[in-house]
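The values are calculated or read from the model by the stated rules, or taken from the named source; none is laboratory data. These numbers come from a predicted model, not from an experiment. Cβ sites come from the backbone with ideal geometry, for glycine too, and all protein chains shown count toward neighbours.
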């Protein structure tokens, strides 16, 4: 028995109007990535995208998304991400682009990176605080950034799958 290996891409969805993020769904992102891969890499890219590609997680408030690709073709699919200029939502298109922040072998490593990334962003916000109350809230948010042991145990890691 052979373990099926995947790669997880942590991407940030950048839009001009933050309210448009709430309109996005996992299916919309899936279709936009699949369409970009088909446009850039043709039939071969479409075939690579059709096996084991999925959107594992989408946070509409922060615009963070986890994409899972098969290990053997993730670079091919990753190269198509810069060509996504808009994502179709219901009856309208949301202009945006995907910024890939991290590539990991498991969801857990991507989560750890995301916590570290958010902590860095909060540290960058600290000097721009205007009053003592804002600074206090940012410091509290920095202290609350941590991985709780066992917090993600109920989610499957996809490492147990067999081919």
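Pull up the range 35-47, narrow it to residues that are over 19 Å from the mean Cα position of the chain (by Cα) and surrounded by 13 or more Cβ atoms within 10 Å (Cβ to Cβ), then point me to the one that is farthest from residue 86 (Cα to Cα). My answer is 47.
Which one is surrounded by the most Cβ atoms within 10 Å (Cβ to Cβ) among residues in the range 19-32 that are touching a residue at least 40 places away in the same chain (Cβ under 8 Å) and more than 24 Å from residue 112 (Cα to Cα)? Spell out how you get there, then give the answer.
In the first step, residues of the range 19-32 are kept if they are touching a residue at least 40 places away in the same chain (Cβ under 8 Å); the result is 20-21, 23-25, 28-29, 31-32.
Now narrow it down to the ones that are more than 24 Å from residue 112 (Cα to Cα): 20, 23-24, 28, 31-32.
Numbers: 20: 19, 23: 15, 24: 22, 28: 18, 31: 14, 32: 24.
Of everything passing the filter in the range 19-32, 32 is surrounded by the most Cβ atoms within 10 Å (Cβ to Cβ).
Does residue 68 satisfy being in a loop (DSSP other than H, G, I, E, B) and within 24 Å of residue 2 (Cα to Cα)? Considered against the rule, which asks whether it is in a loop (DSSP other than H, G, I, E, B) and within 24 Å of residue 2 (Cα to Cα), residue 68 comes out as no.
Going by the structure shown, is residue 66 touching a helix residue (DSSP H, G or I) at 6+ places or on another chain (Cβ under 9 Å) and buried (at least 19 other Cβ atoms within 10 Å of the Cβ)? For residue 66, the condition - touching a helix residue (DSSP H, G or I) at 6+ places or on another chain (Cβ under 9 Å) and buried (at least 19 other Cβ atoms within 10 Å of the Cβ) - is met. Of all residues in the range 89-113, those satisfying the criterion of being within 16 Å of residue 25 (Cα to Cα) and touching a helix residue (DSSP H, G or I) at 6+ places or on another chain (Cβ under 6 Å) are 89, 94, 98.
Residues of the range 71-91 being assigned to a loop (DSSP other than H, G, I, E, B) and in contact with a strand residue (DSSP E or B) (Cβ under 6 Å, 6 or more places away or on another chain), which ones?
Initially, the range 71-91 is screened for residues assigned to a loop (DSSP other than H, G, I, E, B), giving 79-80, 84-85, 90-91.
Within the range 71-91, 84 is the sole residue that qualifies.
Does residue 147 count as part of a loop (DSSP other than H, G, I, E, B), more than 22 Å from residue 19 (Cα to Cα) and modelled with pLDDT under 90? Step through it out loud before you land on a result.
On the way: part of a loop (DSSP other than H, G, I, E, B): yes; more than 22 Å from residue 19 (Cα to Cα): yes; modelled with pLDDT under 90: yes.
Taking the combined requirement at face value, the residue satisfies it.
Quick one: would you say residue 116 is touching a helix residue (DSSP H, G or I) at 6+ places or on another chain (Cβ under 6 Å) and not in a loop (DSSP other than H, G, I, E, B)?
Values: touching a helix residue (DSSP H, G or I) at 6+ places or on another chain (Cβ under 6 Å): no; not in a loop (DSSP other than H, G, I, E, B): yes.
Spelling it out, it is not the case that residue 116 is touching a helix residue (DSSP H, G or I) at 6+ places or on another chain (Cβ under 6 Å) and not in a loop (DSSP other than H, G, I, E, B).
Checked against (1) within 22 Å of residue 121 (Cα to Cα); (2) touching a strand residue (DSSP E or B) at 6+ places or on another chain (Cβ under 8 Å); (3) not in a helix (DSSP H, G or I), residue 61 meets all criteria but (2).
Suppose we filter 114, 122, 101 for residues that are under 30 Å from residue 73 (Cβ atoms) and surrounded by 15 or more Cβ atoms within 10 Å (Cβ to Cβ); which single one remains? Give the derivation first.
Details: 122 fails: under 30 Å from residue 73 (Cβ atoms); 101 fails: surrounded by 15 or more Cβ atoms within 10 Å (Cβ to Cβ).
Answer to the check: 114.
Scanning the range 28-48 for residues that are in contact with a strand residue (DSSP E or B) (Cβ under 8 Å, 6 or more places away or on another chain) and more than 21 Å from residue 111 (Cα to Cα) returns 28, 31, 32, 33, 48.
Can you tell me which of 52, 7, 3 is under 23 Å from residue 110 (Cα atoms) and more than 18 Å from the chain's Cα centre (by Cα)?
On the way: 52 fails: more than 18 Å from the chain's Cα centre (by Cα); 7 fails: more than 18 Å from the chain's Cα centre (by Cα).
The unique qualifying residue is 3.
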